[in-house]
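The values are calculated or read from the model by the stated rules, or taken from the named source; none is laboratory data. All values derive from a computational prediction rather than experimental measurement. Neighbour counts are summed over all protein chains in view; Cβ atoms, including those assigned to glycine, are modelled from backbone coordinates with ideal geometry.
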């Protein structure tokens, strides 16, 4: 089985965006009392949004199941307040649940959290619990910068985040470290902010004892780990110069990288320098780069092709990247059929 | 000849730091009138600071000349105001000039600029001109985030920066895009802020028409280009999706990467994906990573070894990386002896 651990519902029916616009309009009206409101999207609309996109690509590329979450840039935690984020997260997560219910073999849910700048992350415990226990989700996306490019909250290794981590450990779910839209004109979202956040989070982990406090806490750093594998020597050296333990001992039981790197030489580097146990297959389709690479004639984000092209990768290692590591990290995915596994466990 | 385009005076005599501490103490005293003050460092002290460090490593590693600038993390443009930065930059640049005068065959100067958050970069024209025309410097370091991790100034592609670019073009000097210390606890300086700034600047260039306005403006993105070469496919795809020209046409006449990547697989990737004409040899010694890699028995930042180890790199391409490209980008370095070239040209 081939598990793609990084997909967002970027093709959601336009009613979702209309909902969001109504919500944002309400923020401008002092007399408006926030409420969850309703989202009228039919099952057929959901099918129509997925069939020519994520499902078509799954079939064409030969991948089986996508760990699926709301659109990352749409989370926009910097907009409104914690109540805004709460309703918006609930609506987005419920839509993901409907996707996973309609296509239990193709999608497994990961939730958006109702983060808000300056608001203690403990406020996310309730929605995380609901998504895992009631909706059968297997993880969450955690935004290390809810301010959207101002970086005003504490680092991920601060005790500020601990109440959420306690809940993650209790529920046995990992977080993908994933920022949202950037409201800082310096940072293009998918071309800078995303990768910077990945790099930033890794260095935060490197300089802290977070995983002594939470030995079973797990993070996936997406987009191939930002700049980290390319600078693996720098990070090994920085750890050494700072008197930290070697990376393997320091954080490689807890930190994993996905394969959202959109060319063969990048994937080769990733597989060369990062231990195979720490790499999870992912494409982020349909996501940051949507077109076909004129140099190869294939989609930039068809990352399976790059991995398939690496002849020196052994069959057992390939299985780890495509399947075994995802089951280990998203440990609520237990049985041979990933999709029904998550649903099954949620029902117990 | 082997030109290392990225070295900082990280080993300056402690009197420099004492000067800075006096300057910062003055900031806290409302009655204090800022003045440049004086820096008592002897020639012997300068020699003693370089002989067992940069000069020793040049000899051991077989490099010839280092394009040398004040310590990057010491610039700290976010501290004080523009007057603080002006005096501090003048003192640091004059110290670099003394280094280059004492060792004209080993060092060529690049200046720190008196940037300050919120202050138009036009204020840097005077110091840049002085350093180039009077001190024989061949370039400058340009901090894309003078706020030190808050990113409050406009992107490098904003007209805010144009008066400085006009002067750079007039003087025919490039800028290395280099942030300084981070005062944002999210960003470790050398492990996150530096690499993030590199990635950020590249994406700013990708989304703008800056090089239509300044066809001869040149930037070096250090630390191997941050995350960029590892994600070269992503950037090619983003340019395509955004309707921008191909990277080569869009920015590769103007944007160059150094080789400060501290392991062989990273250097291999860089040389595989980035055109050879856009790569300049550099080590940043003595810099971010100071120790020996236990996996190789050699210094992490001995980047020449990695390039030497790449068998498929042709001799002409190797010469471009070690020498020719630096002369082209730092075009005030014209003759066969790089050091005396800069000094000679300054004297004309």
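Before moving on, here are some points about what is shown:
- Filtered residue count, region B:288-303, keeping only those that are crowded, with 23+ Cβ neighbours inside 10 Å and either part of a helix (DSSP H, G or I) or more than 9 Å from every other protein chain (Cβ to nearest Cβ) (or both): 1
- Matching residues in region B:196-209 - criterion: being in contact with a strand residue (DSSP E or B) (Cβ under 7 Å, 6 or more places away or on another chain) and at the interface with chain A (Cβ under 9 Å from one of its Cβ atoms): B:197, B:198, B:201, B:202
- Residues of region B:23-60 that are surrounded by fewer than 13 Cβ atoms within 10 Å (Cβ to Cβ) and within 15 Å of residue B:81 (Cα to Cα): B:25, B:28, B:29, B:30, B:32, B:33, B:35.
- Condition broken by residue B:53, with the remaining ones in (1) over 16 Å from residue B:141 (Cα atoms); (2) free of Cβ contacts under 8 Å to residues at least 60 places away in the same chain satisfied: (2)
- Candidates A:30, A:34 - the one that is touching a helix residue (DSSP H, G or I) at 6+ places or on another chain (Cβ under 6 Å) and either assigned to a loop (DSSP other than H, G, I, E, B) or under 13 Å from residue A:99 (Cα atoms) (or both): A:34
- Taking the listed residues B:313, B:247, the one that is modelled with pLDDT of 95 or more and closer than 24 Å to residue B:195 by Cα is B:247, with no other qualifying.
- Index of the failed condition, residue B:243 passing every other in (1) in a loop (DSSP other than H, G, I, E, B); (2) within 11 Å of chain A (Cβ to nearest Cβ); (3) in contact with a helix residue (DSSP H, G or I) (Cβ under 9 Å, 6 or more places away or on another chain); (4) farther than 21 Å from residue B:8 by Cβ: (3)
- Members of region A:88-125 that are touching a residue at least 60 places away in the same chain (Cβ under 8 Å) and either part of a strand (DSSP E or B) or at positive phi (or both): A:107, A:108, A:109
- Residues satisfying the stated conditions in region A:210-235, i.e. in a loop (DSSP other than H, G, I, E, B) and within 14 Å of chain B (Cβ to nearest Cβ): A:222, A:226, A:227, A:228
- Only a single criterion out of (1) part of a helix (DSSP H, G or I); (2) closer than 28 Å to residue A:205 by Cα is not satisfied by residue A:153, namely (1).
- The number of residues in region A:316-348 being at pLDDT 95 or above, under 15 Å from residue A:281 (Cα atoms) and out of contact with any helix residue (DSSP H, G or I) (no Cβ under 6 Å at 6 or more places or on another chain) comes to 13.
- Here residue B:266 clears all of (1) within 21 Å of residue B:66 (Cα to Cα); (2) outside any loop (DSSP other than H, G, I, E, B); (3) without any contact (Cβ under 8 Å) to a residue 60 or more places away in the chain except the condition numbered (1).
- Pick from region B:138-159, criterion in contact (Cβ under 8 Å) with a residue 12 or more places away in the chain and farther than 16 Å from residue B:78 by Cα, ranking: farthest from the other protein chains (Cβ to nearest Cβ): B:138
- Any pair with Cβ under 6 angstrom, 6 or more apart, that starts in region B:312-326 at a residue that is within 15 Å of residue B:273 (Cα to Cα) and ends at one that is not in a helix (DSSP H, G or I): B:321/B:279; B:321/B:281
- Filtered residues of region B:129-144 (kept if touching a helix residue (DSSP H, G or I) at 6+ places or on another chain (Cβ under 6 Å) and not in a strand (DSSP E or B)): B:131, B:132, B:135, B:136, B:137, B:138, B:144
- Number of the condition not met by residue B:256 [criteria: (1) within 10 Å of chain A (Cβ to nearest Cβ); (2) under 16 Å from residue B:198 (Cβ atoms)]: (1)
- Of all the numbered requirements in (1) over 18 Å from the mean Cα position of the chain (by Cα); (2) surrounded by 14 or more Cβ atoms within 10 Å (Cβ to Cβ), residue B:10 misses one, and that requirement is (1).
- Meets criteria (closer than 21 Å to residue B:272 by Cα, within 12 Å of chain B (Cβ to nearest Cβ) and touching a strand residue (DSSP E or B) at 6+ places or on another chain (Cβ under 6 Å)) for residue A:262: no
- For region B:192-215, the set of residues classified as without any contact (Cβ under 8 Å) to a residue 12 or more places away in the chain and crowded, with 24+ Cβ neighbours inside 10 Å consists of B:192 only.
Yes/no matrix, rows are residues, columns are (1) in contact with a helix residue (DSSP H, G or I) (Cβ under 8 Å, 6 or more places away or on another chain); (2) assigned to a helix (DSSP H, G or I); (3) within 14 Å of chain B (Cβ to nearest Cβ):
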residue: A:161; (1), (2), (3): yes, yes, yes
residue: A:169; (1), (2), (3): no, yes, no
residue: A:173; (1), (2), (3): yes, no, no
residue: A:181; (1), (2), (3): yes, no, no
residue: A:185; (1), (2), (3): no, no, yes
residue: A:190; (1), (2), (3): yes, yes, yes
residue: A:194; (1), (2), (3): yes, yes, yes
